[in-house]
2 protein chains.
Amino acid sequence: MKPLLLITNDDGLQAAGIRVLTRVARQFGDVVVMAPERNASGLAHSFTSSRPIRIYPVSEQPECSIYMCDGTPVDCVKVCSEYFCPRKPDLVLSGINHGSNSSINVLYSGTMGAALEAAVSGLNAIGFSLLDFSPYADFEPSVPFIEKIIKTALEKGLPENTALNVNIPVPADGIIKGVKICRQSKARWLDSYEKRTDPHGRPYYWLSGRFECEDKENDTDQWALENGYVSIVPTTTDFSAYSKLDIIKQLYV
Amino acid sequence: MKPLLLITNDDGLQAAGIRVLTRVARQFGDVVVMAPERNASGLAHSFTSSRPIRIYPVSEQPECSIYMCDGTPVDCVKVCSEYFCPRKPDLVLSGINHGSNSSINVLYSGTMGAALEAAVSGLNAIGFSLLDFSPYADFEPSVPFIEKIIKTALEKGLPENTALNVNIPVPADGIIKGVKICRQSKARWLDSYEKRTDPHGRPYYWLSGRFECEDKENDTDQWALENGYVSIVPTTTDFSAYSKLDIIKQLYV
């Protein structure tokens, strides 16, 4: 039996990134694609339970089926693995996202929400992101790296409750130097809201922001990306702050 | 200057839990409340940037201002701390959620999304949840524990990039035995979707599920809650799977 790869994203089924990822994945086995019907960026790990979701078949073939869903990326993983996969997926792929999901962006990312949901469900999962927000981003230089990571994941698997967060740089000289296994760099968005007034005289607030990373160590994803390497951060579904347990025990009991 | 406490939730401004939390918090300082205009459960760490958000003032007094927001819990923390707080909040409180956010629920939780967003922004933050989904849940037995945790947080602070995930049991005998500092138990939802047919003959899918926890150690939040203790899990904004870095380095480079 050929491997089965489940593919989703958060940019929506129309995005270029998921088409490239599907093309690459088909070399390795059968694929089932289910993606949101519209852009679902920034939806993180949100899911839908207070209303039903709809699934729209786009193409159903033995080797490649494609569905559109009116839910979130996490919904896609949940309903697709249960209802639309002919067997348990060997690997869940999310992306290729148009834009970075490195560092603190992992918290907000629908791409990684989907990958972490797969990991919770006991499935091997990888989120891929390219550091280019353009709808016309050139994904081709990243393809050999994605192929190798998928091949390794199918052969070696992944540890329990762990998904890979893979980010791919767009170096000025076009040369990706290799791959680094990293930790998530400490960073944040310095948010600011533009307060504007609508045609009826009422205020509204629109988020903008600036990414700030003061974490300059060379074992982080930001370092890898800024130095021309693909970053792979093993990402966990266990949010416990283990290194802080003792101090909290001293202070709070 | 009195401490300033920012309060939000994911059940919406009309929920009983946030009213109780606001009443408790007012003992400790000035409060600014900003909560979603409707139920935002399950929105996790999602935020709004592709459209503007609206803020509706409900009451603006020097010691207690209340606002409603048409965004997510994370939006509430972002815009409230920037635009609607007279000074930097000393503490961000989220909840009291109607229903558990222990164990794997932390991934899906809007309550904890808000708390983690505050932690990312360098603010001390705590999410509170009561293990009772009822809109008429009795929050009174939990009040002394919440008071003590808020008092400690204002006096001692919290470690960097760490928010507390506090869950409060509803023991059959009504007696809460105390507080335990815990790790997040390993668990998952066994999802199932009910496939139904609408009046027009088209299918829709509605999520249901069953919580499964096979993690039976006595240092987890599930153990504490099942044994009548309030659970406090220090929760991190760093999703790196540190214990898996070496194995991934061996396999994937």
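We did not get these values from a lab; they are worked out from the coordinates using the rules stated. Being a predicted model, the structure only gives us computed values, none of them experimental. Using ideal geometry, Cβ is built from the backbone for each residue, glycine included, and neighbour counts are taken over all protein chains shown.
Below, the figures for the structure above:
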| quantity | calculated |
| --- | --- |
| Calculated [θ] (222 nm, deg cm²/dmol) that DSSP helices of n ≥ 4 give over chain B, each run adding -39,500 (n - 2.57) | -6500 deg cm²/dmol |
| Relative intensity, log₁₀ I(q)/I(0), of the protein assembly as shown from a Debye sum that treats every alpha carbon as a point, q = 0.06, 0.07, 0.08, 0.09 Å⁻¹ | -0.26, -0.36, -0.47, -0.60 |
| For region B:1-145: rounded, prolate or oblate by the Cα gyration tensor [a/c cutoff 1.5] | rounded |
| Cα gyration tensor shape of region A:207-253, rounded if a/c is under 1.5, else prolate or oblate by comparing a/b with b/c | prolate |
| Kirkwood-Stokes translational diffusion coefficient of region B:60-112, alpha-carbon pairs, 4 °C, 1.567 mPa s, µm²/s | 102 µm²/s |
| Cβ-based net charge around A:Ser142, under 14 Å, with every Lys or Arg adding one and every Asp or Glu removing one | 0 |
| Size of charge dipole - chain A - debye, nearest 20, with Cβ of Lys, Arg +1 and Asp, Glu -1, no other charges | 280 debye |
| Relative contact order of chain B, pairs being alpha-carbon contacts under 8 Å that are 6 or more residues apart, as % | 18 percent |
| Full-stretch length increase - A:Arg210, A:Tyr83 - with 0.36 nm per residue and alpha-carbon distance subtracted | 41.7 nm |
| Hydrodynamic radius (Kirkwood) for chain A, which is based on Cα pairs only, to one decimal in Å | 19.0 Å |
| Point-to-point label distance, A:Lys151-B:Glu226, nm (Cα→Cβ direction, 7 Å offset) | 4.5 nm |
| Protection proxy ranking of A:94-103, B:205-214, B:96-105, B:11-20 - average other beta-carbon atoms within 10 Å, highest first | A:94-103, B:96-105, B:11-20, B:205-214 |
| Filter on A:Lys78/A:Lys151; B:Lys186/B:Lys216; A:Lys244/B:Lys148; A:Lys2/B:Lys244; A:Lys244/B:Lys156; A:Lys148/A:Lys177 - keep pairs with C-alpha separation over 18 Å | A:Lys78/A:Lys151; A:Lys244/B:Lys148; A:Lys2/B:Lys244 |
| Overall dimensions of region B:119-253 as given by Cα atoms, namely Rg and Dmax in Å | 19.5, 60 |
| Across the identical copies, how the A:Asp138 labels are spaced - nm, sorted shortest first, 7 Å along Cα→Cβ | 6.8 |
| Cα shape, region B:88-146, gyration tensor, a/c 1.5 rule | oblate |
| Inter-copy label distances at A:Thr197 (7 Å, Cα→Cβ; nm, one decimal) | 5.7 |
| Shielding of A:99-111 by partner chains, average beta-carbon count, 10 Å | 3 |
| 13 Å Cα-Cα reach of A:Lys249 towards aspartates and glutamates, excluding residues that sit fewer than 8 places from it in its own chain | B:Asp219 |
| Label geometry 7 Å along the beta-carbon vector: A:Val253 inter-copy distances in nm | 3.8 |
| Pairwise centroid distance, computed over Cα atoms, of region B:89-138 with region A:27-62, Å | 28 Å |
| Inter-chain Cβ neighbour average for residues B:35-47, partner chain, 10 Å | 5 |
| FRET E, pair B:Glu194, A:Ser192, Förster distance 51 Å, beta-carbon r, rounded to 0.05 | 0.70 |
